[in-house]
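Quick notes on the structure that follows.
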Amino acid sequence: LLYFFRAGVIRAVYRKLSFILKYCEVSKTKINKINYIKYLLKSEIIKKKEKKFIEKQKNFYTEKYNFTDNDWFSPNIPIWDLILNKINTEENQIKYLEIGAYEGRSTIFVCENFQNIKITVVDPYVEYDEMNAVVKNSNMEKVFERFKQNTFKFSDRIDIYRNTSDDFFKKNTKKFDIIYIDGSHYYLDVKNDLINSLKFIKKNGIIICDDFIWDHYKKIQENPIGGILPTIQANPNLKIESISNQIILKVKSSA
């Protein structure tokens, strides 16, 4: 209850809710505002309570691995811990698909903390306009080499597909327990990745969509939210688990 009244929590919830409502107004989308406020409050309170833990995690990975760009991942760690531990068991191997890996921050987090997770990484590692606008290091050949160096000791648990997510899904036959979508952020690409993911997610599986609150494109509906919200509303099998900068979905039944 103490964190509920923190100014930082209130500001974060207000900013993110305003973005969501602006999209809903432009797209004529209807949502349950009370539920969205609850999701946002829960996530922001968790991150506020775990502020010192987040900082500790940032320092741990920065000292241990070679990252040269901004750390967008570490603030998500407390929520990932909660969500992933719900489906993680020591007896069963968990299959995890990551679309878009960059330097490997999220991949390494999964490797370090969940020993029984088998990882599939899909990333073409090619330069494109969206990437050039938001990252410091757009030489993707060098980025790919850093990813391989960072994940080398976990290479027996990681399969890397250096191609587009569309090409991967066309040939894929595996089902996954967890899918993390962090590739192209243009709404049509995000929508395709989410729809394709629904075909290959197991019952009670988790889909994490990065940058749900992201306003790179001038037309708000062209940002990730424009691909994610319509897909959620069209699929009654999707249950929202968490909303912050990311939106986390539980799939109640598989395709």
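The values are calculated or read from the model by the stated rules, or taken from the named source; none is laboratory data. Remember, it's a predicted structure, so these values are computed and weren't measured experimentally. Here the Cβ positions follow ideal geometry from the backbone for every residue, glycine too, while neighbour counts run over all protein chains shown. Note: accessible area is taken over every heavy atom of the protein model, side chains too, but ligands, DNA and RNA are not part of it. Shrake-Rupley method; radii C 1.70, N 1.55, O 1.52, S 1.80 Å.
For the range 94-196, the Kirkwood radius over C-alpha pairs fed into Stokes-Einstein at 20 °C and 1.002 mPa s yields D = 152 µm² per second.
For the range 177-230, what relative contact order do you get, as a whole percent, if you take Cα pairs closer than 8 Å and at least 6 residues apart? Relative CO of the range 177-230 lands at 47 percent. With the whole protein complex present, Ser106 retains an accessible surface near 10 Å², based on a 1.4 Å probe. Taking every protein chain into account, the accessible area of the chain amounts to 51 square angstrom per residue (probe 1.4 Å). A Förster radius of 45 Å, combined with the Cβ-Cβ distance separating Asn85 from Thr29, puts the computed FRET efficiency at roughly 0.90. Partners of Lys171 within straight-line reach, counting lysines whose Cα lies under 26 Å from its Cα and excluding those fewer than 8 residues away in the same chain: Lys95, Lys118, Lys148, Lys191, Lys199, Lys202, Lys203, Lys250, Lys252.
The accessible surface of the chain, taken with every protein chain in place and a 1.4 Å probe, is 51 percent carbon and sulfur.
The value for the chain of Rg(Cα) / (2.2 N^0.38 Å) is 0.97.
With Cα atoms as the point set, the radius of gyration and Dmax of the range 135-255 evaluate to 15.3, 43 Å. Rg over Rh for the range 161-226 works out to 0.99, using Cα positions for both radii and the Kirkwood form for Rh. Structural descriptor for the chain: relative contact order 18 percent, calculated from alpha carbon pairs under 8 angstrom and at least 6 residues apart. Label positions at Asp166 and Gln115, each projected 7 Å from the Cα along the C-beta direction, are separated by 4.2 nm. Each Lys or Arg adds one and each Asp or Glu takes one away; over the other residues whose Cβ falls under 9 Å from the Cβ of Tyr180, this sums to -3. Could you work out the longest stretch of the chain that avoids the GluC sites (Glu not before Pro) located in DSSP loops with at most 14 other Cβ atoms within 10 Å? For GluC sites (Glu not before Pro) (loop position, at most 14 other Cβ atoms within 10 Å), the longest site-free span of the chain is 128-255.
In plain terms, the chain from Tyr14 to Thr62 could stretch by 14.2 nm, reckoned as 0.36 nm per residue minus the Cα-Cα distance.
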